[in-house]
Structures are given as C-alpha cells and as structure tokens.
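Data block below; observations after.
Bear in mind that the values in this text are calculations on the coordinates, not laboratory data. Fair warning: this is a prediction, and the values are worked out from it, not measured in the lab. Quick reminder, even Gly has a Cβ in these numbers, built from the backbone with ideal geometry, and neighbours come from all protein chains shown.
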Amino acid sequence: MYSIKMRSSKGGPHEEGGKHISGAERILREDEIEEELINVYRRAITHERGKPDFINLKIERIDEEDITYKKRLNINEHHVESKEDGLGLAKELLMDNAVSEESAKMAIQNLQDLEESMHGAMLIDKDTGDRIDNKGIKGVRVTGIASADITEYRESLKNDGREGLHLEEALILASKIASCKGIVAELCWSDDPSYVIGYVGTKDNYERIPILKDEGNPIGGRAFFVDTNQLNDDYTLDDLIDYLEKQVVLIE
Ligand code: PML
Ligand code: MG
C-alpha cells in the first residue's frame with residue numbers, strides 16, 4: 001500500500017507562513033495511485049479557499065504490518081436553528097462524554113478566538129480546559145488515515161442517506177481520533193467559508209451538528225479532549241501525539 005498526501009497553501013509553504021488552502025490523504029494500492037493523483041491535484045487547484053501557489057505531494061510506501069484497522073463511528077444527525085443552538089448542543093454533548101463544562105466552554109472560546117485556521121488540532125485537558133500541546137497554530141496533524149475500502153465505505157454512507165467529501169473525510173478522521181487511547185472527545189468545524197456544519201466526535205459516535213459557525217467565516221479548527229489520568233510513563237503525551245500523527249489506521 002502507498003500513502004498519498006497533498007497539502008496546498010498560498011503565499012508560500014505552510015512552514016514559511018503560507019495560508020492553508022486544502023489537504024488530502026489517500027492510502028491506495030499501487031495500481032490506484034495514478035488516477036487518484038489527478039483527483040487530488042484538481043482538489044488542490046479548485047478550492048473555495050483560493051488558488052494555491054504551493055502544492056506539496058508526497059507518496060510513501062507503507063508496510064502491511066504497520067497498518068491497524070478500526071471501526072467507523074456511527075452518525076447521529078442533529079437539528080439546530082442557529083449557531084448559538086449548535087454551540088450549546090456541542091457543549092452538552094461534550095459534557096455527556098466526560099468533558100467538564102469549563103473545558104468545553106474554553107475549547108469553544110479558543111476555536112472562536114483563532115485569528116487564522118489551525119493546520120492541525122489543539123489538545124485540551126478535558127478537566128481543566130488547559131491547552132496541553134505546545135504546537136501553537138500548527139497544532140497536532142492527524143495523518144495516516146483512509147477507509148479500508150473506499151467503494152464499500154461510500155456505499156455504506158449512501159445507504160445511510162449521506163454523501164459528500166467533507167463528511168466522508170471528517171468521519172474517517174474522527175474515527176481514528178476516537179480510537180486513540182486517552183482522547184475522550186473531539187470538537188470540529190470547517191475552515192471552508194461556506195461550510196458551517198461541524199461535529200462532536202465521541203468514542204462511538206459522530207454527532208453531526210448543522211451549524212457551528214457563521215456563513216462566510218474562513219476559520220475552522222479541531223480540539224481534542226485528553227484525559228490526562230490515562231497518561232503515565234508507559235503512555236506519555238508524546239506517545240498519544242505519535243499515534244495521531246504517525247500510526248496508519250484504516251477505517252472499516
Ligand atoms: C472540514 O472538512 O473542514 C471539516 C468538516 C466537518 C463537518 C463535516 C460534515 O459532517 O459534513
Ligand atoms: Mg477545509
């Protein structure tokens with residue numbers, strides 16, 4: 001199998017201060033790479049966040065024994081009338097999943113206060129609300145994810161009456177995050193200006209919330225809530241971050 005990663009930005013590479021435009025990851029058999037590269041390239045150059053002047057494409061071979069398989073989360077669809085209702089619901093759902101009220105509120109505030117989109121996620125202590133990674137605006141980048149079988153996966157979403165690239169990709173990502181030891185929940189909304197849907201990810205469910213930000217807002221992000229009681233000398237914060245950033249997980 002091969003991992004294909006694309007990231008694009010405007011104003012130079014991300015690491016030189018360029019603005020993030022889009023990213024994508026695929027894990028594919030060798031014979032699938034050529035066709036998918038074109039899709040990923042098209043994705044990079046036709047994004048509503050703008051036209052990139054920097055595109056990074058990386059293709060890496062992955063050893064079969066480095067791959068683990070995890071289940072996909074169940075989707076629960078919620079209905080809200082406004083952003084305020086959506087954020088209120090997100091807070092409730094986080095609190096139902098071991099996050100303190102204080103921590104839920106602080107994470108929502110932190111995401112709303114961002115002046116630019118984070119490239120990755122912030123790690124938040126589920127009890128105190130403190131940010132516990134020291135990765136600034138870069139955050140923790142979750143990579144190494146794909147569906148075990150993309151055709152089957154799309155079929156299963158379709159059978160659930162759901163389609164769309166945002167959901168397809170976010171659900172895979174949320175499923176890996178849920179499988180990470182020490183993480184109890186996640187909160188996310190998109191950086192795509194017209195895309196106001198977001199979700200709370202729990203250990204079992206993808207709680208989909210139709211409005212979490214204002215239309216036109218180009219700033220989005222993710223917060224992962226960490227139970228620091230589950231960290232110790234044998235499983236440190238660095239191990240947790242390593243799992244998120246490096247472990248290859250296929251979702252079935
Ligand atoms: C993103 O793609 O930027 C995040 C999208 C989160 C919500 C996806 C959905 O459930 O439609
Ligand atoms: Mg986006």
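Okay, residues lined up against (1) of a type in the set (Ser, Thr, Tyr); (2) not in a helix (DSSP H, G or I):
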position	(1), (2)
15	no, no
23	no, yes
37	no, no
41	yes, no
60	no, yes
72	no, yes
75	no, yes
89	no, no
102	no, no
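If you go through segment 208-252 and keep only what is of a type in the set (D, E, K, R) and either without any contact (Cβ under 8 Å) to a residue 40 or more places away in the chain or surrounded by 13 or more Cβ atoms within 10 Å (Cβ to Cβ) (or both), you end up with 208, 213, 215, 222, 227, 233, 234, 238, 239, 242, 245, 252. Suppose the filter is within 16 Å of ligand 2 (Cβ to nearest atom), free of Cβ contacts under 8 Å to residues at least 40 places away in the same chain and either assigned to a strand (DSSP E or B) or within 15 Å of residue 78 (Cα to Cα) (or both); does residue 199 pass it? Yes, satisfied. May I ask you to verify whether residue 119 is within 16 Å of ligand 2 (Cβ to nearest atom), of a type outside the set (D, E, K, R) and either at positive phi or in a helix (DSSP H, G or I) (or both)? Spelling it out, it is not the case that residue 119 is within 16 Å of ligand 2 (Cβ to nearest atom), of a type outside the set (D, E, K, R) and either at positive phi or in a helix (DSSP H, G or I) (or both). Scanning segment 187-229 for residues that are more than 27 Å from residue 132 (Cβ to Cβ), among the acidic types (Asp, Glu) and touching a strand residue (DSSP E or B) at 6+ places or on another chain (Cβ under 9 Å) yields a count of 1.
Screening segment 175-200 for residues that are closer than 14 Å to residue 123 by Cα and within 11 Å of ligand 1 (Cβ to nearest atom) and picking the one that is nearest to the chain's Cα centre (by Cα) gives 188.
Kindly evaluate residue 28 against the criterion of being more than 27 Å from residue 198 (Cβ to Cβ), surrounded by 15 or more Cβ atoms within 10 Å (Cβ to Cβ) and of a type in the set (A, V, I, L, M, F, W, C). Considered against the rule, which asks whether it is more than 27 Å from residue 198 (Cβ to Cβ), surrounded by 15 or more Cβ atoms within 10 Å (Cβ to Cβ) and of a type in the set (A, V, I, L, M, F, W, C), residue 28 comes out as yes.
Scanning segment 202-239 for residues that are over 14 Å from the mean Cα position of the chain (by Cα), of a type in the set (S, T, N, Q) and part of a loop (DSSP other than H, G, I, E, B) turns up 217, 232, 236. Annotation note: of 22, 9, the sole residue that is touching a residue at least 40 places away in the same chain (Cβ under 8 Å), surrounded by 13 or more Cβ atoms within 10 Å (Cβ to Cβ) and in contact with a strand residue (DSSP E or B) (Cβ under 8 Å, 6 or more places away or on another chain) is 9. Per the conditions (1) without any contact (Cβ under 8 Å) to a residue 12 or more places away in the chain; (2) closer than 23 Å to residue 249 by Cα; (3) within 16 Å of ligand 1 (Cβ to nearest atom), the sole criterion not satisfied by residue 161 is (2). Could you tell me how many of the residues in segment 184-196 are away from ligand 2 (no atom under 16 Å from the Cβ) and surrounded by fewer than 22 Cβ atoms within 10 Å (Cβ to Cβ)? Count: 1.
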